Amino acid sequence: MKKTVLVIFGGKSSEYSVALRSAAYVIDNIDRHDYDVLTMGVTDTGNWLYCTCPTSKIADGSWVDTDCSRAMISPDPNGHYLLVESDEELMRIPFDVVFPVMHGRNGEDGTIQGFLTMAGIPFVGCGMTSSALCMDKAFTNLIARANGVNEADWLVFKKGEYEKDPENCVKRVTEELEYPVFVKPAIGGSSVGISKVADGSGLAAAFENAFAEDGKVVVETGINAREVECAVLGGAVPRASGVGEIVAADEFYDYNSKYVADSKLSIPADIGEEHTQEIRALALKLFDALDCEGMARVDFFIGKDDGKVYFNEINTIPGFTSISMYPKLFAKTGMSGQELIGSLIRTAFRRSNER
Ligand SMILES: Nc1ncnc2c1ncn2[C@@H]1O[C@H](COP(=O)(O)OP(=O)(O)O)[C@@H](O)[C@H]1O
Ligand SMILES: [Mg+2]
């Protein structure tokens, strides 16, 4: 019998609008010969709404103004139902698997994954613990270090510690790292709350900016580098794509250069065979070390001064817009969007059978 995929998109996150564009791509690429599709959006204030509108309205954000109904997922593991409010009643709509297309907080960070696990619902992508670890750059950095993966030097600061003694935090950065530094919220994405700081005088504003997003901040030595990314597709044996390069339109790959200005992707990256193989192997190593399943995009720097590869971060629900690196890297290997999405959904079912 044909299975039903429930795509949950959006989310209460600074990356809400990016997630809408990713969702449109995912929904459009689910093969309707194999699956029926239901769509439920989560607004940026956290309302769960069942909707049936075309994907163009999801992508541009106008889906909330269409005929949506309040909805929720039953946490009861003995049957997977969407409970939709209709004329004072609750309508039960069954489904088989969830594809969460939510970036950042409340979606990519283990929260929805924990809920779906409790409800016994198969879902696409990394599990709860892996999602939470990969979302938090301080924990990701620790696990990478424990596995001997090269990274920029970093320090972690808690908001309370900073508020008590900001001068000491600035002093530690100046003594233990090298300028320029990058100041980032531990939990974030799409470069929201991230600043590049040339010297100690810019640190206070950068800390404020990052603490507005999260109570924990990571400060890293800035690497003068090329930025490259590798996609991993899980399954019985996870496979790494080739490597793509980001050529940022701005000073660094900030929100504007990701989604507004004209940053370029170069696939495959013109970095030579040795770097390519090193990065693919590292991507698989980190995917395994962080217990990833299904999918992840692993991001690296190649130092322009030393030629060394540095791990930057990992994204467990990578961008899936039509111009995103993750689908493009697999397209280069001959895999269409439909094949990629189909493979991710099959992996979700297989994993739930293994549990
Ligand atoms: N240590 C670093 N050295 C050089 N550039 C960095 C460093 N950390 C971050 N950046 C720049 O900032 C961008 C966003 O940082 P990143 O850690 O990837 O956060 P996000 O999760 O928001 O994408 C990177 O793509 C890169 O351009
Ligand atoms: Mg990034």
Margin query: On C-alpha positions alone, give me the angle between the axis of helix 272-289 and the longest principal axis of the chain, in degrees, nearest 10.
Written below: 60 degrees
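If you wrap a convex hull around the C-alpha atoms of the chain and split its volume per residue, what is the figure in Å³?
Spelled out: Cα convex hull of the chain, divided by residues, is 143 Å³.
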Next item on the list: For a footprinting-style exposure proxy, rank 88, 278, 15, 293 by other Cβ within 10 Å, fewest first.
Entry: 88, 278, 293, 15
Next item on the list: May I ask for the angle, rounded to the nearest 10°, between helix 16-28 and the longest principal axis of the chain, with both axes built from Cα atoms and the value confined to 0 to 90°?
Entry: 50 degrees
Notebook entry, point to check: By count of other Cβ within 10 Å, fewest leading, how are 347, 52 ordered?
Noted result: 52, 347
Notebook entry, point to check: How long is the gain from residue 85 to residue 178 if the chain were fully straight, where each residue apart is worth 0.36 nm and the alpha carbon distance is subtracted?
Noted result: 27.9 nm
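Treat the count of other C-beta atoms within 10 Å as a stand-in for reagent exposure and order 279, 271, 58 from fewest to most.
271, 279, 58
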Note to self: If I fit a long axis through the Cα atoms of helix 337-354 and take the longest principal axis of the Cα atoms of the chain, what angle between them do I get, 0 to 90°, rounded to 10?
What the structure shows: 80 degrees
Check: Can you list the aspartates and glutamates whose alpha carbon is less than 19 Å from that of residue 258, not counting same-chain residues fewer than 8 positions off?
Finding: 15, 60, 108, 213, 227, 229, 245, 250, 299, 313
Check: Hey, which of these cross-link pairs are over 22 Å Cα-Cα: 304/328; 171/196; 3/332; 137/158; 196/216; 159/304?
Finding: 304/328; 3/332; 159/304
Check: Along its principal axes, what span do the Cα atoms of segment 3-123 show, with the longest given first and each in whole Å?
Finding: 35, 33, 31
Item checked: Zone of residue 260's modelled label, taken as backbone nitrogen in segment 10-27 under 11 Å from a point 7 Å along Cα→Cβ -> none
Check: In segment 222-266, which residues have a backbone nitrogen under 14 Å from the label point lying 7 Å from residue 304's Cα in the Cα-to-Cβ direction?
Finding: 222-228, 246-253
Next item on the list: Mind checking which of 347, 314, 240 is farthest towards the positive end of the chain's charge dipole, using Cβ charges of +1 (Lys, Arg) and -1 (Asp, Glu) about the Cα centre?
Entry: 347
Notebook entry, point to check: Got the relative contact order for the chain handy, in percent, Cα pairs under 8 Å and 6 or more residues apart?
Noted result: 17 percent
Next item on the list: Using just the helices of the chain, give the 222 nm mean residue ellipticity in deg cm²/dmol: DSSP H runs with n ≥ 4 each add -39,500 (n - 2.57), and the total is spread over all residues, rounded to 500.
Entry: -10000 deg cm²/dmol
Notebook entry, point to check: What is the magnitude of the charge dipole of the chain about its Cα centre, with +1 placed on the Cβ of each Lys and Arg, -1 on the Cβ of each Asp and Glu, and no other charges, expressed in debye to the nearest 20?
Noted result: 820 debye
Checklist line | Spin-label model distance (nm) - residue 165 vs residue 224, 7 Å beyond Cα toward Cβ | finding: 3.4 nm
Next item on the list: Between the alpha-carbon centers of segment 156-192 and segment 11-62, tell me the distance in whole angstrom.
Entry: 35 Å
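Throughout, read-outs are computed from the coordinates displayed, never taken from laboratory work. Being a predicted model, the structure only gives us computed values, none of them experimental. Reconstructed Cβ throughout: ideal geometry from the backbone, glycine too, with neighbour counts over all protein chains shown.
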